[in-house]
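Q: Mind having a look at this structure? Questions to follow.
The values are calculated or read from the model by the stated rules, or taken from the named source; none is laboratory data. Here the structure is a predicted model, which is why all the values come from computation and not from measurement. Here the Cβ is made from the backbone with ideal geometry for all residues, glycine too, and neighbour counts use every protein chain on show. For accessibility, only protein heavy atoms count, side chains too; no ligands or nucleic acids. Shrake-Rupley method; radii C 1.70, N 1.55, O 1.52, S 1.80 Å.
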Amino acid sequence: MSSDTLLGVFKNEGMVPMRDRVRGSDVSRCKVLPAGAFAYNPMRLNIGSIARWAGDADAIVSPDYVVFQCDERQLSGDFLDYVRQSKDWATYMENAGKGGVRIRIYFKELGQFRFLLPPLPEQRRIAEILSSVDEAIAATQAVIEQTRTVKQGVLKRLLTKGIGHTRFKQTEIGEIPEAWEVVPLQAIASVQTGLAKGSNKPDDPVELPYLRVANVQDGYIDLTEVKSTAVDRSRVARYSLRAGDVLLTEGGDFDKLGRGAVWRAQVEPCLHQNHVFAVRPNQEVLLSDFLAAQTASDHGRRYFLSCAKQTTNLASINSTQLKEFPAIVPPLKEQSAINARTAALQEAEDVAKASLRRLEQIKSALMSDLLTGRKRVPMAELAAAE
């Protein structure tokens, strides 16, 4: 079998072609992956790196992977693909396997996982119901990506050409309008680091909400789950957020590097975690929304990647690097005009993201009901499906 059919499995990407990521062409030791089979790396199953091959023909995976298939006379592969996304599966994986730092879960351990098994027709119908929600989720994600691509294109033009300019100059970040400036962020903003939870036992504790990396998404603040932490009363002001702060995550996975949004004081008082920076711009020089647009643009992305500390699939920035971010500073009036031109696109993206969150909540609720037997598929519906 050709090395062109070599696949890898990743948590967020699923099955990914690996031909361009590996050296050599000897695949004699690779395992065959039949259509419809599951594959996973035993050392990464505990973080969710498992996928089902949706191709029509056989492929191959690393000899270190585990490959298994369902007995379709008893267990629908489509149904199991949703079971492995359930909370019960995640809980089991947290406690299964062997090893210290790197947990290994082989099929011997995986095979002990117990779950409710409805009749085969019901399994298939449950998978169909959840698949229809997945299709809606995929369509919404496509709308978000398309809107984001258009927004990035418009933003790139506005951050390099401005509005109505005819005279330009070369700077460290490229060509910009002659009337604009590029300055280190620390010259026009303060960078506040966050609270390391549990680092010190407070003498005079007060319990307050605080934002984690999970709350700071790309372009919006997700307040679905806001946790709280104890902090010494004397340090509340030091770690409190203010309206207009631009929140940026220090990294982790590449998609979290410099991810951020403007804080609108939705919760007061509110603290922030040490993995979330709060950038407080001087509003007489730099508007919060304009800074947030910059950090989310190609310009911001390039800067963060250029100075980030990187390892395999991980990257992070520190406060010193963030303070040195080359901020683009047009006149305030033009910053406001640029914000206005991108606001409609941002609103469209926000609406699509809200729709995506609702669909994900619907899927979660359906999985909770259908995979636990709390709700059963009506017999008439099963008969019609047969």
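Q: Say R0 is 41 Å: what FRET efficiency, to the nearest 0.05, do residue 343 and residue 12 get from their beta-carbon distance?
A: Values: r = 30 Å, r/R0 = 0.72.
The calculated FRET efficiency here is 0.90.
Q: OK, next. With +1 on each Lys and Arg Cβ and -1 on each Asp and Glu Cβ, and nothing else charged, work out how big the dipole of the chain is about its Cα centre, in Debye to the nearest 20. Can you show the working numbers first?
A: Numbers: 50 positive and 47 negative charges, 148 e Å.
The dipole of the chain has a size of about 700 debye.
Q: So, in nm, how far is label residue 196 from label residue 157 when the simple model puts each one 7 Å beyond its Cα toward the Cβ?
A: Simple spin-label model gives 4.7 nm for this pair.
Q: How much length, in nm to one decimal, is gained on full extension between residue 87 and residue 141, taken as 0.36 nm per residue of separation minus their Cα-Cα distance? Write down the numbers at each step before the final one.
A: Details: separation 54, 0.36 × 54 = 19.44 nm, distance 2.31 nm.
Value of the extension gain: 17.1 nm.
Q: What does the helix-only formula give at 222 nm for the chain: each DSSP H stretch with n ≥ 4 adding -39500 (n - 2.57), the total divided by the residues, and the result rounded to the nearest 500 deg cm²/dmol? Walk me through the numbers on the way to the answer.
A: On the way: 10 runs with 136 residues, N = 386.
-11500 deg cm²/dmol, from helical runs alone.
Q: Also: Any idea of residue 4's accessible area? Nearest 10 Å², probe 1.4 Å.
A: 110
Q: So for the chain, taking the charge dipole from beta-carbon charges (+1 Lys/Arg, -1 Asp/Glu), which of 8, 117, 106 sits furthest toward the positive end?
A: Among 8, 117, 106, the one farthest towards the positive end of the dipole of the chain is 106.
Q: Moving on to the next point. Over the chain, what is the mean sequence separation of C-alpha contacts under 8 Å (at least six apart), divided by residue count, expressed as relative contact order in percent? Walk me through the numbers on the way to the answer.
A: On the way: 615 pairs, mean separation 59.9, N = 386.
Relative contact order, the chain: 16 percent.
Q: Could you tell me what a quarter of the Cα convex hull surface of the stretch 173-283 works out to, in nm² with one decimal place?
A: Working: hull surface 33.6 nm².
With the hull built on Cα positions only, its mean projection is 8.4 nm².
Q: Could you sort 6, 305, 33 by their accessible area in this structure, using a 1.4 Å probe and putting the largest first?
A: Values: 6 20, 305 60, 33 0 Å².
The ordering from most to least exposed comes out as 305, 6, 33.
Q: Under a 10 Å cutoff between Cα atoms, tell me which one of 183, 27, 154 has the largest fluctuation in the Gaussian network model of the chain.
A: Comparing 183, 27, 154 in the GNM, the peak value goes to 27.
Q: In degrees between 0 and 90, to the nearest 10, how far off the longest principal axis of the chain does helix 298-307 point, with axes built from Cα atoms?
A: That helix lies at roughly 80 degrees to the long axis.
Q: Counting only protein heavy atoms and a 1.4 Å probe, tell me what percentage of the stretch 161-301's accessible area is made up of carbon and sulfur. Please report the intermediate quantities before stating the final value.
A: On the way: 3060 of 6660 Å².
Here carbon and sulfur together make up 46 percent of the probe-accessible area.
Q: A further question follows. Go through the stretch 359-375 residue by residue and turn each phi into a ³J(HN,Hα) via Karplus (6.51, -1.76, 1.60, θ = phi - 60°); whole Hz please, and just put x for glycine and proline.
A: Calculated HN-Hα couplings, in order: 5, 5, 5, 5, 4, 4, 5, 5, 4, 4, 6, 7, 7, 9, x, 4, 10 Hz.
Q: Another one. If you roll a 1.4 Å probe over the heavy atoms of the protein chains, what accessible area per residue do you get for the chain, in Å²? Spell out each step's value before the answer.
A: On the way: 20780 Å² over 386 residues.
Heavy-atom accessible area per residue stands at 54 Å².
Q: Contour minus end-to-end for residue 265 and residue 223, with contour as 0.36 nm per residue of separation and end-to-end as the Cα-Cα distance? Mind dumping the intermediate values first?
A: Working: separation 42, 0.36 × 42 = 15.12 nm, distance 1.15 nm.
Extra length available between residue 265 and residue 223 comes to 14.0 nm.
Q: Further question: Using a cut-off of under 18 Å, list every residue of the stretch 202-222 whose amide N is near the label point 7 Å from the Cα of residue 233 along the Cα-to-beta-carbon line.
A: The answer is 202-209, whose backbone nitrogens lie closer than 18 Å to the label point.
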